[in-house]
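Before any comments, here is the structure.
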Amino acid sequence: MSLLTPDIGLLFWMALSFAIVFGILAKFGFPVITRMVDERREYIQQSLANADEANRTLESIRQKSEALIEEAKKRRAEIIKQATDDAGRIVQKANEDASAAGKQKLDEALRLIEIQKQKATGEIRSRIAALSVGIAEKILRQQLDSTERHEQLITQLLDEIEDSGRVKNRNNG
């Protein structure tokens with residue numbers, strides 16, 4: 001028997017033991033192994049399907065959030081524009097109210113000035129009337145002996161009236 005060539009009996013028993021082990025493995029081992037491989041493949045496929053679904057859901061959520069952000073930006077711009085318009089209207093109304101109040105005060109001041117002017121005019125007229133009556137009274141009381149005396153008195157009265165007119169013009173001017 002040589003070390004490099006096996007005996008026929010040894011080959012027979014080795015083939016028989018290989019066939020028995022292969023038969024046991026084929027009957028009991030391989031189905032378990034293939035079932036576990038199939039389960040693992042299904043688990044991996046299910047995980048990939050779940051991951052794809054999660055990616056689609058995540059993408060949908062991202063798109064919705066971007067749409068919400070865009071909507072919020074548009075709404076913010078509208079609110080800012082409306083607030084600016086409202087502020088402009090408020091300022092314009094305040095200006096109009098202030099202008100109306102100023103015009104009303106100016107009208108009131110002009111009315112008061114007119115009233116004071118009428119009072120002053122009435123007072124001046126009453127003084128002129130009093131002066132005229134006084135002058136007429138003085139003329140009638142005095143006896144005029146001559147035309148020279150009469151002319152002198154008229155000149156004097158005219159000078160007094162002229163002087164009182166200058167005083168009034170200085171007070172008004």
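The values are calculated or read from the model by the stated rules, or taken from the named source; none is laboratory data. Keep in mind it's a predicted model, so treat the numbers as computed, not measured. Counting neighbours? That spans all protein chains shown, and the Cβs are built from the backbone with ideal geometry, glycine included. When the accessible area is computed, the model is the full protein with side chains, heavy atoms only, and any ligands, DNA or RNA have been set aside. Shrake-Rupley method; radii C 1.70, N 1.55, O 1.52, S 1.80 Å.
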What angle, in degrees between 0 and 90 and rounded to the nearest 10, separates the Cα long axis of helix 8-24 from the longest principal axis of the Cα atoms of the chain? 40
Would you calculate a helix-derived [θ] at 222 nm for the chain, using -39,500 (n - 2.57) for each DSSP H run of n ≥ 4 and dividing by the full residue count, to the nearest 500? -33500 deg cm²/dmol
Rounded to the nearest 10 Å², what accessible area does Met36 have for a 1.4 Å probe in the complete protein model? 110
Charged-residue dipole, Cβ positions (Lys, Arg, Asp, Glu), region 22-140 about Cα centre, Debye nearest 20: 480
Just want the answer: with Cβ charges of +1 for Lys and Arg and -1 for Asp and Glu, which residue in Phe12, Leu58, Ala129 is farthest toward the dipole's positive end in the chain? Phe12
Residue-normalised value, i.e. accessible area per residue, for region 11-91 at 1.4 Å probe, in Å², stands at 90
Over region 1-116, equivalent-ellipsoid semi-axes from the Cα gyration tensor in Å: 105, 12, 6
